[in-house]
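Okay, so here's the structure we're looking at.
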Amino acid sequence: MRTKHVVVLPYDEKWKQNFLDIKNELSQALGDIEISIEHVGSTSVEGLAAKPIIDIDVVVTKERINDAILALKSIGYIHEGNLGIPGREAFAYEGKEHLQQHHLYVCPQDSLELKRHLAFRDYLRVHPEAVDEYSKIKMEAASLYPEDIDKYIEYKAPVIENIYSKMQGFWVDMMALHDYTHK
């Protein structure tokens, strides 16, 4: 589900509940297949401006990826493959009008993409100055490029890279913290 019109809004407390609503529906379908269901992306960081789209990573063992794909298919999700990003399986959906718009990924527990999502989220959650800087650039980018998601992404890329450079030690700590080798 590619964004056609870029809208960035100030942080909304409702995003927490919107995630929980989606998580509950996913949990019912996945049962013991999932290790965890993680709220990632900008809507998961209090105070961060964001596109009003909930990003979700379902964490599974490598052996359970196909089970997760089948379980999600049974409730209206459409497997799209990794869309060019190793370490995650992407899903579109139909019949989810009762839920907040969202992006859904299934990630094996050892996925670097998963760990990158978690580390970035967790870094922002404890660095309000980075949240302020990132919010500002996202609002500017959406204002400048409301009809061009690629230019929007390009415009904010230097700030993201700057945040990644600041979080290098944090990244190592978060990779260890989010070690899903046990349930």
Dipole in debye (nearest 20) - the chain, about Cα centre, beta carbon charges: Lys, Arg +1; Asp, Glu -1: 60
Filter Lys16/Lys136; Lys4/Lys62; Lys14/Lys62; Lys14/Lys156; Lys4/Lys96; Lys73/Lys156 down to the pairs with a C-alpha to C-alpha distance above 27 Å, please. Lys4/Lys62; Lys14/Lys62; Lys73/Lys156
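Sorted by packing (mean other beta-carbon atoms within 10 Å per residue), highest first, where do 149-155, 53-59 land?
Details: 149-155: 15.1, 53-59: 22.6.
So the peptides 149-155, 53-59, ranked by packing, come out 53-59, 149-155.
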Contact order relative to length of the chain, as percent, for alpha carbon pairs under 8 angstrom and 6 or more apart: 24
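Ranking Leu144, Leu48 by Cβ neighbours within 10 Å, fewest first, what do you get? Could you put the intermediate results ahead of the total?
On the way: Leu144 12, Leu48 23.
Lowest to highest Cβ neighbour count: Leu144, Leu48.
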The percentage of Cα-Cα pairs in the chain separated by more than 19 Å is 60
How large is the convex hull of the Cα atoms of region 1-106 per residue, expressed in Å³ as a whole number? 101
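Please report Glu46, Glu94 as a ranked list, fewest other C-beta atoms within 10 angstrom at the top and most at the bottom. If you can, show how the numbers build up before the last one.
Numbers: Glu46 13, Glu94 8.
In increasing order of surrounding Cβ atoms, one gets Glu94, Glu46.
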By a straight-distance test (C-alpha under 12 Å), which aspartates and glutamates pair with Lys23 as possible cross-link partners, with residues fewer than eight away in the same chain excluded? Glu34, Glu38, Asp55, Asp57
Dimensionless Rg/Rh of region 82-175, both radii on Cα and Rh by Kirkwood, sits at 1.00
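So how do His117, His79, His103, His5 line up by other beta-carbon neighbours within 10 Å, fewest first? Display every interim value, and only then the final one.
Details: His117 24, His79 15, His103 18, His5 10.
Result, fewest neighbours first: His5, His79, His103, His117.
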From the phi of every residue in region 110-124, what ³J(HN,Hα) in whole Hz does the Karplus formula 6.51 cos²θ - 1.76 cosθ + 1.60 yield, where θ is phi - 60° and glycine or proline is x? 9, 5, 5, 4, 4, 5, 5, 4, 5, 5, 4, 4, 5, 4, 4
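Pulled fully out, how much extra length does the chain show between Ile78 and Ile65, if you take 0.36 nm times their separation in residues and subtract their Cα-Cα distance? Before the final figure, lay out each step's value.
On the way: separation 13, 0.36 × 13 = 4.68 nm, distance 1.40 nm.
So the extension gain works out to 3.3 nm.
FYI, it's all coordinate maths here, none of it is from the lab. What you are looking at is a predicted structure, and each value in this text was computed from that prediction instead of being measured. Glycine also receives a Cβ, built like all others from the backbone with ideal geometry; neighbour counts cover every protein chain displayed.
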